[in-house]
Amino acid sequence: MLTFLPEPVRGVLASILVIINTLFWCLPLYVFAFLRFVGPAAAAPWCTRGAMNMAELWIDCNNLLLGLFTKLEIEVIGGGNLSPTNWYLIFCNHQTWADIVILQRVFNRKIPMQKFFIKQQLIYVPIIGIAWWALDFPIMQRYSKEFLHKHPELKGKDLEATRRSCEKFKLTPVSILNFLEGTRYTSAKHASQQSPYKNLLKPKGGGAALVINALGDKLDCILNVTLYYPDGVPGFFEFLCGHTERVTVVIEPLAVPVDTDQDQSEASITLKKDFRHWVNGIWEAKDQQLERLQIRPPGH
């Protein structure tokens with residue numbers, strides 16, 4: 001344990017070691033990416049599993065490194081019947097980039113490696129862009145209203161590309177992490193949205209609907225996860241410095257909503273009032289849960 005070091009020193013050292021760890025595990029991951037690119041289509045699932053194994057080892061090492069520099073105590077409530085052979089969709093509130101690290105620490109090797117939607121432009125980010133591609137992260141391609149006005153022939157093509165990306169998830173067990181708010185919570189964003197929730201931004205169900213439609217009966221369960229930082233929400237560097245010592249993670253399994261409509265287009269589930277009402281209900285309950293966690297006495 002190196003927690004005796006000053007917080008800024010811990011943050012710098014942790015940042016450097018996490019970068020080195022990322023570069024180290026990217027090398028074997030690139031091998032699987034190359035084999036997938038040049039090999040036959042039948043080898044793609046094998047290459048994806050190999051890449052996911054490398055990513056899980058990367059997470060293991062990150063967890064060890066963070067343990068050296070932080071005194072993080074994670075209270076996990078629920079989530080007792082998880083399996084790495086199931087398909088999961090994860091709903092979670094989003095407050096800081098540290099959320100992803102917390103979720104990786106809680107779920108690594110208990111469920112399939114978590115993947116989350118990334119914008120198509122991020123594929124071209126040096127080093128990690130190829131890693132995201134090799135790991136089959138779902139690509140979210142969205143055209144602006146102005147762009148579609150000039151190119152109406154492309155309407156719906158962005159959703160189709162995202163849907164094709166999700167189709168790959170049928171090949172191997174997967175966990176799709178979906179921050180329904182679409183962005184990190186801030187007071188300014190909350191005020192701008194005029195959000196009806198005290199502690200959350202408005203949820204967006206489009207990505208969730210795409211995953212549900214693409215996976216169908218492959219999807220075993222939805223994990224509704226609530227993250228709460230009793231000592232205040234940290235910035236990512238603050239987190240690496242060890243500023244955060246307590247986190248509460250509440251895991252609630254939810255049944256996958258069944259769409260009886262024969263039309264499996266986006267409109268058949270994303271735009272249905274009952275689906276939006278279902279998502280809003282989850283968010284109302286999550287907001288109330290955060291309220292209860294805030295008034296809960298320490299240690300309870």
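Each reported figure results from applying straightforward, stated rules to the coordinates on display, with no laboratory input. On a predicted model such as this, the values are computed, not experimentally measured, just so you know. Cβ atoms come from the backbone with ideal geometry, glycine included; neighbour counts cover every protein chain shown.
Charged neighbours of Thr226, selected by a Cβ distance under 13 Å, balance to -4 (K, R count +1; D, E count -1).
In the chain, helical runs assigned H by DSSP with n ≥ 4 each contribute -39500 (n - 2.57); averaged across all residues and rounded to the nearest 500, the mean residue ellipticity at 222 nm is -14500 deg cm²/dmol. Peptides 53-66, 36-49, 199-212 ranked from most to least packed by the mean count of surrounding Cβ atoms within 10 Å: 199-212, 53-66, 36-49. Computed packing ranks the peptides 239-247, 282-290 as 239-247, 282-290, most packed first, by mean other Cβ atoms within 10 Å.
Taking a sphere under 11 Å around the Cβ of Val247 and counting the other residues whose Cβ falls inside, with K and R at +1 and D and E at -1, yields a net charge of -3. Evaluated at q = 0.13, 0.22 Å⁻¹, the base-10 log of the normalised Debye intensity for segment 20-150, with identical point scatterers placed on the Cα atoms, takes the values -0.66, -1.49.
Summing charges over all other residues whose Cβ lies under 12 Å from the Cβ of Glu7, with Lys and Arg as +1 and Asp and Glu as -1, gives 0.
Entry for segment 6-87 at q = 0.17, 0.24 Å⁻¹: log10 I(q)/I(0) = -0.86, -1.08, Debye formula applied to identical alpha-carbon scatterers, no solvent contribution. Of the residues Cys92, Cys26, Cys166, the one with the fewest other Cβ atoms within 10 Å heads the list, and the complete ranking is Cys26, Cys166, Cys92.
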